[in-house]
Each structure stands twice: as structure tokens, then as C-alpha cells.
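Everything on this sheet refers to the single structure shown next.
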Amino acid sequence: MHELAVAREIVGVAERHAGGLAVSVVRVKVGCLRQVVPEYLGFYFDVCARDTCCGGAELEWERTPSLLRCSACGAEWDPAPPPAHADHELLVDFRCPGCRGGNHSVISGDELVVESIEVEEPAADPGRETAAANEPGGG
Amino acid sequence: MHQTRVTVAEGVLDANQTIAAANRADFDRAGVKVVNLMSAPGAGKTSLLERALAETGEVRVGVLEGDVRGSLDADRLSQLHIPVVQINTDPAFGGECHLDANMVRSAIPQIPLEEIDLLVIENVGNLVCPAEFRVGEDRRWMISSVTEGEDKPLKYPLMFRSCELVVLNKIDLLPHTDFSEELFLANLEKVNPGAETFRTSARTGEGIDAWRRRLLDLAPAAGRD
Ligand SMILES: Nc1nc2c(ncn2[C@@H]2O[C@H](COP(=O)(O)OP(=O)(O)OP(=O)(O)O)[C@@H](O)[C@H]2O)c(=O)[nH]1
Ligand SMILES: [Mg+2]
Ligand SMILES: [Zn+2]
């Protein structure tokens, strides 16, 4: 399962940035051009996080839409809009709808990034940007 | 206890990319060109290699076989008397569905890099995962077969877009199926405009010579002296 391998990498990235502290939240951005299903990712993340500093942490994901820009004429389009209905034809097309050009840059949609993590610190560290400490049930 | 946000902004696959770059550096140093050959299970990777690598002239070719388990494919290719190294993907978690840079890295010591000019990596049969994980290859090629249907480029655009060359295999079956080659090529053109294409049958041998020539031409010229 693809999401399993990706989840394992996410745990690895979070661990390297956690400085040995317990991680409570991991935030990832998953572009629509990636064949990663975030719902599955959450499930595998829980499995992979066990027995690491991410154990019990929540995986928060944000999906970024796919958007290309034509290198020839500057048109912007979504090359793979989600079908409105399950049996609809797949309208995938990476060629420019304006000039049929094949060269483009990706404006959005190929992200697969760990954006930030929340770590649990015993005391304030002035070197870091502190989030409002309003953990539910914390205290 | 209090919560602190730590900015990470790190690509999930960055660690894999770093190892892939190290593999690539090892291959470059040894003057070995590397092709990562991918496809759905059973599209004919091993069969095409058996055909194509049966006569390689002066080019010395080795194969790295990725398989979830067993050494069936490696055994088939060993019959050609070329170096074949087998990697079984992590059996710990039910078998990994692709090769990653680290698995290839751990196999490098077993590959006689000084004795080959070209290394073909047969990836695990899968149209999703291998698209994401680079392993240190120079070229990414894939095989799609007539029995898979024409819609595969539209359903797996990441894979079809990540390869510069696509082989349509099992063309001997065209008369027996309703597969439209024209529609397949049109779908491929939609997701990967300008991709290079070959058509082959590992059964009859049709198209093999042209593909073999393309493959062997990747080897550095020094290998053919
Ligand atoms: N008719 C026909 N059958 C083929 C052709 N190429 C391969 N096959 C058959 O397809 C099946 C799978 O071929 P393999 O070469 O093992 O495919 P593979 O991609 O290496 O498979 P995995 O490594 O298991 O993913 C075998 O039964 C082959 O004989 C072809 O060109 N025509
Ligand atoms: Mg095989
Ligand atoms: Zn355009």
C-alpha cells in the first residue's frame, strides 16, 4: 500500500524535527496531482507513529488543487478535475486547453510536504513561535 | 505542558531523494547507466528483458530484480548468464509494493558495477507507488500491455507522466481484444505529450529489436569499445 510508505516517511520527517519531544499534531499538504489518498494516510500514520515520538499524534492534512500554467500562452487550467459523478468519463488532459501546447509549469497540486508539527514542551522556549496553549483536556 | 509549533516545510520524500542522489553518484562514478523499468503486475517486464537481453553485443548489462517475494524473475533472467541481483521488498510489513532508494542502496554492494555498462532495475509490478519513489535511475521507462485497457494513462497519470518512454506490450493479442491502440496513444498524449513509444510482443518477438537497440544505446560509448 502506497500510503503506508508515505506515512512512514511522514513519521520520519516529524521525528527529525521534534527534537526528542512528544508530537501532538503533524500537518501535511497533499496535492491533488499526487496519488495519495489522505484518508488512508491518516490510518497508516496512526500505525507507523506507534512507539515513536509521534505516537497518538493527529495527522492534519490539507488538499491543494491541481493547477497548471501553459508555458506558451499563459493559460491556467486544472488538468484532472474530479469527476462530478463516479461513472463520468475521466476528463484528464495535461495539454493546454488554449493552444494545445505540451509544456507547462505546475502552480499547485504536486505538494507532498510536512508543513509543521506541534510538540509538547515542559516550559516555554522563547526561540520558538508559541501557539496558544489551549489543548482540550490538557492542564 | 504546552504546545509549540515547529515549522518543518520538508518534502515527505526528501530523504528518499537524498539517498537516490547518492545511488546515482555511485552509478555515475562506475560509468553505469540505470533504467528504472516499471509496469502493472504482469505487463511483461521480465519477458521483455528475457528477449531483449538475450543478445546485447558488447554492452554489458546487469539486472536488479525487485519483487515482493521469491526469486522467480531473477532465476528466469539468470539463464541469460548476466549478473542478476535480487531484492525482496521488506517482508516485515506484508511486502512493500515498490523499490525505494534505500533498498537499492543496500543492494549496490552486490552489484558488480565495474563489470557492467547498463543496469536495468525491474521494479515491483505496480502503477502507483513506484511513480513516487526515485531510486537513483537515469531513465524511467514503463510498460503497459494490451490486456490492461486503453484507460490506464488517465487513471494513473502520475506514473505515465513520470516516464519518458512507454512500451505497449502484448501486441500479439490485439486481434483477440477490443483494445484500440489509437485510443491508448491519444490517452497517453493527454497525460504525457510527446512521450516516446514502442510497441512490442515478447511472445512473437515483434518490435523487440527496436526496443533493444534503444536500450543498449543508453550505455556509455566506452562500453562498446
Ligand atoms: N501474449 C503475450 N503474453 C505475454 C507477453 N509478454 C508477457 N506475456 C505473459 O504475461 C505474463 C506476465 O509476464 P511477465 O514477464 O512475468 O510480467 P512482469 O511484468 O515481469 O510481471 P511481475 O514481475 O510479476 O510484475 C506471462 O504469462 C507472460 O508469458 C506478450 O507480449 N504477449
Ligand atoms: Mg517480472
Ligand atoms: Zn497554451
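The values are calculated or read from the model by the stated rules, or taken from the named source; none is laboratory data. Predicted model, so just to flag it, every value in this text is computed and none were measured. Using ideal geometry, Cβ is built from the backbone for each residue, glycine included, and neighbour counts are taken over all protein chains shown. Remember, those area values only see protein heavy atoms, side chains included, never the ligands or the DNA or RNA. Shrake-Rupley method; radii C 1.70, N 1.55, O 1.52, S 1.80 Å.
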Checklist outcome for this item: Sorted by accessible surface (1.4 Å probe, heavy atoms of the protein chains only), largest first, B:HIS2, B:HIS98 come out as B:HIS2, B:HIS98
Next on the checklist: Suppose we compare each residue of the range B:105-143 in its chain alone and in the full protein complex with a 1.4 Å probe; which ones drop by at least 40 Å² of accessible area?
Outcome noted: B:VAL128, B:GLU132, B:PHE133
Item to check | Surface accessible to a 1.4 Å probe, B:ARG213 within the full protein complex, Å² | outcome: 150 Å²
Checklist entry - Under a 5 Å amide H to amide H cut-off, with H placed in plane at 1.01 Å, what residues pair with B:VAL68 once short-range neighbours are removed? => result B:THR89
Next on the checklist: Could you sort A:LYS29, B:LYS155 by their accessible area in this structure, using a 1.4 Å probe and putting the largest first?
Outcome noted: B:LYS155, A:LYS29
Checklist outcome for this item: Two pseudo-spin positions, 7 Å from Cα along C-beta at A:GLU62 and at A:LEU91, lie apart in nanometres by 2.6 nm
Item to check | Surface accessible to a 1.4 Å probe, A:HIS88 within the full protein complex, Å² | outcome: 100 Å²
Checklist entry - If one takes the longest principal axis of the Cα atoms in chain A, at what angle in degrees, from 0 to 90 and to the nearest 10, does the Cα axis of helix A:38-49 lie? => result 30 degrees
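Rounded to a whole number of µm²/s, how large is the Stokes-Einstein D of the range A:67-107 at 4 °C and 1.567 mPa s, given Rh as the Kirkwood radius over C-alpha pairs?
Working: Rh = 10.6 Å.
Calculated translational D: 122 µm²/s.
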Item to check | List of the range A:76-114 residues, accessible area with partners at least 50 Å² below that of the chain alone (1.4 Å probe) | outcome: A:LEU90, A:VAL92, A:PHE94, A:ARG95, A:LEU112
Item to check | Rounded percent of accessible protein surface that carbon and sulfur make up, the range A:67-107, 1.4 Å probe | outcome: 52 percent
Checklist outcome for this item: Scalar couplings 3J(HN,Hα) for the range B:78-86 by Karplus 6.51 cos²θ - 1.76 cosθ + 1.60 (θ = phi - 60°), nearest whole Hz, x for Gly and Pro, are 5, 4, 7, 6, 10, x, 10, 10, 9
Next on the checklist: If each DSSP helix of 4+ residues adds -39,500 (n - 2.57) and the sum is divided by the residues in the protein assembly as shown, what number results at 222 nm, nearest 500 deg cm²/dmol?
Outcome noted: -7500 deg cm²/dmol
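Leaving out ligands and nucleic acids, note down the accessible area per residue over the range B:2-224 with a 1.4 angstrom probe, in whole Å².
40 Å²
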Next on the checklist: Amide H of A:VAL25 versus every other amide H placed in the peptide plane: which residues, excluding those fewer than 5 positions away on the same chain, fall under 5 Å?
Outcome noted: A:GLU58, A:GLU118
Checklist outcome for this item: Chains A and B: accessible area buried, summed over both chains, 1.4 Å probe, nearest 100 Å², reads 3900 Å²
Item to check | For the range B:2-224: rounded, prolate or oblate by the Cα gyration tensor [a/c cutoff 1.5] | outcome: oblate
Checklist outcome for this item: Ordering B:GLU196, B:GLU137, A:GLU89, B:GLU58 by the accessible surface of their heavy atoms, 1.4 Å probe, largest first, yields A:GLU89, B:GLU58, B:GLU196, B:GLU137
Item to check | Per-residue ³J(HN,Hα) for the range B:160-165, Karplus 6.51 cos²θ - 1.76 cosθ + 1.60, θ = phi - 60°, Hz, x for Gly and Pro | outcome: 5, 7, 7, 10, 8, 9
Checklist outcome for this item: SASA check, B:THR204, accessible area w/ 1.4 Å probe, all protein chains in place, rounded to nearest 10 Å², comes out at 90 Å²
Next on the checklist: Residue by residue through the range B:124-138, what is 3J(HN,Hα) from phi via Karplus (6.51 cos²θ - 1.76 cosθ + 1.60, θ = phi - 60°)? Round to whole Hz and write x for glycine and proline.
Outcome noted: 5, x, 4, 9, 10, 5, x, 5, 8, 9, 6, 10, x, 7, 8
Checklist entry - Hey, rough spin-label estimate for B:LEU183 and B:ASP138, points 7 angstrom out along Cα→Cβ, what's it come to in nanometres? => result 3.8 nm
Checklist entry - Amide H to amide H under 5 Å from B:ARG199: which residues, 5+ apart in sequence or cross-chain, H placed 1.01 Å off N in plane? => result B:LEU168
Checklist entry - Tell me, what is the FRET efficiency for B:ASP28 and B:ARG214 to the nearest 0.05, using R0 = 30 angstrom and their Cβ-Cβ distance as r? => result 0.90
Item to check | Of the trypsin sites (Lys or Arg not before Pro) in the range B:65-134, those whose Cβ has at most 16 other Cβ within 10 Å and which sit in DSSP loop | outcome: B:ARG69
Checklist entry - Hey, any idea what % of chain B's accessible area is carbon plus sulfur with a 1.4 Å probe? => result 48 percent
Next on the checklist: Once you order the gyration tensor axes a ≥ b ≥ c over the Cα atoms, which shape class does the range B:1-110 get: rounded for a/c under 1.5, otherwise prolate or oblate by comparing a/b with b/c?
Outcome noted: prolate
Checklist entry - For the Cα atoms of chain A, what angle does the longest principal axis make with the long axis of helix A:2-17, in degrees from 0 to 90, nearest 10? => result 50 degrees
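Cα-Cα over 30 Å: which of A:LYS29/B:LYS190; A:LYS29/B:LYS155; A:LYS29/B:LYS170?
As for pairs spanning more than 30 Å Cα to Cα, those are A:LYS29/B:LYS170.
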